[in-house]
Amino acid sequence: MQEKSKSWLQFLLEVIVLVLLFTLVQYALSAGLVNQSYQITLTSMCINVILAVSLNLINGFTGQLSLGHAGFMAIGAYVSVIITNFMDLPFIAGILGGCLAAGIAGFVVGVPTLRLKGDYLAIATLAFGEIIRVVLQNIDYVNGPAGIMGITKLTTWPWLYWAAIFTILIIVNLMNSSYGRAIVSIREDEVASELMGINTTRYKVLAFVIGAMFAGLAGVLYAHYFYIIRPETFNFLKSFDMLVMVVLGGLGSTTGAIIAAVFITFLTLALQKYAAMRMVIYALTLIIVMIYRPQGLMGNKELSRKTFSGIWGGRK
Amino acid sequence: MSLLEIKNLYKSFGGLGAVINFNFTIQSGELIGLIGPNGAGKTTVFNLITGVYRPDKGQILLQGQNIAGLPPYTICQKGIARTFQNIRLFKDLSVIDNVKIAFHKNVDYSLFSTLIRLPAFFQGEKDIETKAMEYLSIFKLDHKRDEIASNLPYGEQRRLEIARALATQPTLLILDEPAAGMNPQETKELMELIKWVREEFQLSILLIEHDMSLVMGVCERIYVLDYGQVIAEGLPQEIRNNKKVIEAYLGEEVGKC
Amino acid sequence: MLEFLQQMINGLSLGAIYALIALGYTMVYGIIKLINFAHGDIMMVGAYVGFFSITLLGTDIVVAMLAAMIFCAILGVIMEKVAYRPLRNSTRIAALITAIGLSLFLEYITVVILGPTQKVFPASAFPVKAYNIAGLSILNKQVFVFVSAVLLMVILQYIIKRTKTGKAMRAVSLDREAAVLMGISVDRTISITFAIGSALAAAAGVMIGVYYQTINPLMGIIPGLKAFVAAVLGGIGLVPGAMVGGFVMGLLETLVMGYGNSLYRDAVAFGVLIIILLIRPTGLFGKNTGEKV
């Protein structure tokens, strides 16, 4: 009984902290304390967190290296813009439509490719990501290579913040469950997992689809903040950006993915004027992390596990 | 009806017959040994039964139903569980998570209630936790529940693998060289454990073993495989005196048996 | 029909270039089971070395090509020593991520040093002439590319089949442990493989410079990926497969550009890749091997 009330208290505390953080930033924004450049950073940060946490579900937890995440982000972005700007429907419809479309794309891509292993899978997902981009370039309805301009700015701080929290919450909840254990067992030993009665294909596809849906969500938020989307924005270098975050944070750690996403966002801001140098640093990060600390920042550990499970109620 | 009946099972790799017209039956509650020299095709038989390989020909009837060619997870769900020659635990996961994963096929809460944490989830998790602890304590691993599996000593890893297989609630348990790498004392304990497990869980056990004393000691019937074919079948005493068996073994490793 | 033959001629020289790059992918994969993602970028470095050899040192095209090959051979060996060797016993995913890192590194360090803009290969280094044979137009640069590529492939075949080094390479790719027991230095053999593969890529880089006249720091990505597809198509790890795959990809691409939508030229390569991976992951000439349990 004491155990229970304690965990409730913890839960309450966490909610208060989260709301406080939200209100603080909201206040700073409305009081005009945050300049344009920091507003953009704040937006990128939330979007990057969503991307990194969702890609980590596929690459880190399921152990299936995907290099096509940017493709799903593109689908979310384009479909939502069609819904909001072309069809004049409300933002929430755009969000749902974007996520759903990206999820369906994830399913269509995932079912055939997830039979492949390791580096073959990586290349196949990369290829699919690029095909999505090339197809978008060839659809006149969405202006081909020129992209769509003048998208209404609907992405606001509350959307960004709660979308990021929602993403983290869903993925943490998923991973701290029997379904999550089934997913991790695939990474650990696919053959053994299958022989323990787990339909590995189904869970690989499940993880892939959920990951793709959140990539779609990130795409929706991106499109409705930055005014313009072009197919080129979502090329495989974008997927590599996300990979850097996941690898740096530690494959298989949601906490790591969040920290790395925040860090990379600030790094991008700091190196704004030196785009090429930034890529050199990314590249070296990948190489050095793989050679000297392949488990990344966090390994597969989570920050203050007890606090976390306190909120989500996974364990005592 | 026999629990498992295998008829004319055949599998070849690159034209070379690895298992040739293998016939086999096991009744409910039986404990059977499968022996044979290295490369005789024993593990291949296991891989065929558990669906890792697809047989070229033949039937595998589990309670009268043909399971040949089904995917491994379906076969496991139908009640066949196994361990591996070279231990295949989920190495980076905790001891208890290894066992919990085996319960997943019977998980009774939905993905939806997982994601938004409905009461069904908490209840289900509590049940899984309790059951997993039961299995761990049977195998004297309960005090190591949060240890990372790969950090366990060898003997405990073997026990954990058996616990994990049992947690899938099989009617037939297949053990691939369970005593490999164990000293005589550990082997003896394992023999007792295997017998006890069979009684306690009311299941049939099929085991591959190199250690003759273990096979002769616990198995009720023995099949001997050589070059993919059954060369003898019978009670331990019969096998011990079978000329073909002695030849097959002596031809391979002199004096070991 | 004439139109079709013309496309085939264009496709052959392009295919020869892809084949050269694909050989490097396949050789490295054969020996250490790694998709050397940075291979296309070595081709890019080769193109730049060739460019500077011509513009700064005033050499002719053949010397430029040799210079590029030597430079990239050394670069390939260093890359393997520094980045891949420490990872030889870690997971394939780790090695692949490192390869992606190396690829990005080569691309953007070039941007940082030389700027992102493209450079024009001096036309004087290779004055273009067109021959008309039976209504078909054949450019001398096409002949040059095709002949030198085929020549390099013949030399490669000779090395692999007839020399001690080649034997060592085949031995290591078949069974590394056994090769060690036979007294073969695995490290040295892998280094040589990287050297040869990178040199071929460098030659291809100079050819692309001659063929398309412009070079830029990101030019290695797409041809690199297409050459990879060629290697997979032929059965990755198989040298003759890479040659055939390269030519097939070259022909396919020119046909798509000639008869279809040129915007789709890059998608075709990826489409082919996905189809092979799904239907026959071992490629046209590969053998199937299952996992041992």
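In chain A, taking the dipole from charged Cβ atoms about the Cα centre, the farthest positive-side position among A:85, A:225, A:146 is held by A:225. In summary, the lysines within cross-link reach of residue B:11, defined as a Cα separation below 20 angstrom excluding same-chain residues under 8 places away, comprise B:42, B:57, C:287, C:292. Would you look at the GNM of chain B, springs on alpha carbons closer than 10 Å, and say which of B:91, B:243, B:11 moves the most? Residue with maximal mean-square fluctuation among B:91, B:243, B:11: B:243. Between the alpha-carbon centres of segment C:24-65 and segment C:242-263 there is a gap of 22 Å. When each full DSSP H helix of chain A is screened for a Cα extent of at least 18 Å along its own axis and an average Kyte-Doolittle hydropathy of at least 0.5, the helices passing are A:2-30, A:36-56, A:69-81, A:91-113, A:118-137, A:157-175, A:200-226, A:236-249, A:254-270, A:275-292.
The sum of -39500 (n - 2.57) across all DSSP H runs of n ≥ 4, divided by the residue count of chain B, sets its helix-only mean residue ellipticity at 222 nm to -11500 deg cm²/dmol. Against the empirical 2.2 N^0.38 Å (N residues), segment C:115-214 has a Cα radius of gyration ratio of 1.52.
Structure remark: mean-square fluctuation, Gaussian network model of chain B, C-alpha springs under 10 Å; the largest value among B:241, B:21, B:38 belongs to B:241.
Semi-axes of the equivalent ellipsoid of segment A:113-240 are 32, 21, 9 Å, computed as sqrt(5λ) over the eigenvalues of the C-alpha gyration tensor in descending order. Note: relative contact order over chain B, using C-alpha pairs below 8 Å and six or more positions apart, is 27 percent.
The phi torsions of segment C:177-194, fed into the Karplus equation with coefficients 6.51, -1.76 and 1.60 and a -60° offset, translate into couplings of 4, 5, 4, 4, 5, 7, x, 8, 7, 5, 4, 5, 5, 5, 4, 4, 4, 4 Hz, rounded to whole numbers, with Gly and Pro shown as x.
Select from C:125, C:30, C:144 the residue farthest towards the positive end of the dipole of chain C; place +1 on Cβ of Lys and Arg, -1 on Cβ of Asp and Glu, and compute about the Cα centre. Going by the charge dipole, the pick is C:30.
3J(HN,Hα) along segment C:266-272: 7, 5, 4, 4, 5, x, 4 Hz, from the Karplus curve 6.51 cos²θ - 1.76 cosθ + 1.60 with θ = phi - 60°, whole Hz, x for Gly and Pro. Size descriptor for segment B:94-169, Kirkwood hydrodynamic radius: 12.8 Å (Cα pairs only, one decimal).
Note on residue A:146/residue B:220: beta-carbon distance plugged into 1/(1 + (r/R0)^6) with R0 of 60 Å gives a FRET efficiency of 0.20. Taking the longest Cα principal axis of chain B as reference, the axis of helix B:243-252 is set at about 70 degrees. Look at where the Cα atoms of segment A:152-222 and of segment C:169-240 average out, and the two centres are 37 Å apart.
Putting +1 on Lys and Arg Cβ atoms and -1 on Asp and Glu Cβ atoms, find which of B:26, A:107, A:257 reaches farthest to the positive end of the dipole of the protein assembly as shown. Towards the positive end, the residue furthest out is A:257.
With helices as the sole contributors, chain A gives -24000 deg cm²/dmol at 222 nm; each DSSP H run of n ≥ 4 counts as -39500 (n - 2.57), and the sum is divided by every residue.
Of the residues C:253, C:177, C:107, the one that moves most in a GNM of chain C with alpha-carbon contacts below 10 Å is C:177.
Annotation for residue B:237 and residue C:218: the two label points, set 7 Å from Cα along the Cα-Cβ direction, are 8.2 nm apart.
Using the structure shown, select from C:81/C:141; B:144/B:195; A:204/B:131; B:105/B:195; A:117/B:126 the pairs with a Cα to Cα distance greater than 28 angstrom.
On the way: C:81/C:141 36 Å; B:144/B:195 24 Å; A:204/B:131 26 Å; B:105/B:195 26 Å; A:117/B:126 35 Å.
The answer is C:81/C:141; A:117/B:126.
From the Kirkwood radius over Cα pairs of segment B:64-211, Stokes-Einstein at 37 °C and 0.692 mPa s returns a whole-number translational diffusion coefficient of 202 µm²/s.
Neighbouring Cβ atoms within 10 Å as the yardstick, rank A:221, A:24 fewest first.
Numbers: A:221 27, A:24 10.
The fewest-first ordering by Cβ neighbours comes to A:24, A:221.
In this rough spin-label picture, where each label sits 7 Å from Cα along the Cβ direction, the residue B:112-residue A:34 distance is 3.5 nm. The value of relative contact order for chain C, using C-alpha pairs under 8 Å at least six residues apart, is 37 percent. The per residue volume of the convex hull around the alpha-carbon atoms of the protein assembly as shown is 189 Å³.
Mean sequence separation of contacting Cα pairs (under 8 Å, at least six apart), scaled by the length of chain A, corresponds to a relative contact order of 31 percent. Dipole magnitude for segment B:94-169: computed about the Cα centre from +1 point charges on Lys and Arg Cβ and -1 point charges on Asp and Glu Cβ, it is near 120 debye.
The label point for residue C:285 and the one for residue C:63, both projected 7 Å from the Cα toward the Cβ, are 3.7 nm apart. Size descriptors for chain B: radius of gyration and Dmax over Cα atoms are 19.1, 66 Å.
Assigning unit charges at the beta carbon (Lys, Arg +1; Asp, Glu -1) and nothing else, what dipole magnitude in debye, to the nearest 20, does segment C:133-283 show about its Cα centre? Mind showing how you got there, number by number?
Numbers: 11 positive and 5 negative charges, 76 e Å.
For segment C:133-283, the charge dipole is close to 360 debye.
If the Kirkwood radius is taken over C-alpha pairs of segment A:163-316, then at 10 °C and 1.306 mPa s the Stokes-Einstein diffusion coefficient equals 92 µm²/s. For the residue pairs B:140/B:188; A:301/B:100; B:91/B:140; A:238/C:33, the alpha carbons lie more than 21 Å apart in A:238/C:33. Once you reduce segment C:111-141 and segment A:1-62 to the center of their Cα atoms, the two points are 55 Å from each other.
Computed log10 I(q)/I(0) for segment C:171-238 at 0.18, 0.24, 0.27 Å⁻¹: -0.83, -1.08, -1.17, from the Debye equation with unit scatterers placed on every C-alpha and solvent omitted. Histogrammed with a bin width of 10 Å, the alpha carbon distances of chain C distribute as 7, 28, 36, 21, 6, 1, 0 percent, first bin at zero.
Placing +1 on the Cβ of every Lys and Arg and -1 on the Cβ of every Asp and Glu, with nothing else charged, gives the protein assembly as shown a dipole about its Cα centre of roughly 920 debye.
Volume per residue for chain A equals 141 cubic angstrom (convex hull of Cα atoms).
When shorter helices are ignored and each DSSP H run of at least 4 residues is given -39500 (n - 2.57), the per-residue value for chain C at 222 nm works out to -24000 deg cm²/dmol. Using the Cβ-Cβ distance between residue B:57 and residue B:91 with R0 = 45 Å, the FRET efficiency computed as 1/(1 + (r/R0)^6) comes to roughly 0.80.
Read the figures in this text as sums done on the coordinates, not as results from a lab. None of the values given here were measured: they were computed from a predicted structure. A quick note on method: Cβ atoms are made from the backbone with ideal geometry, for glycine too, and the neighbour counts reach across all protein chains shown.
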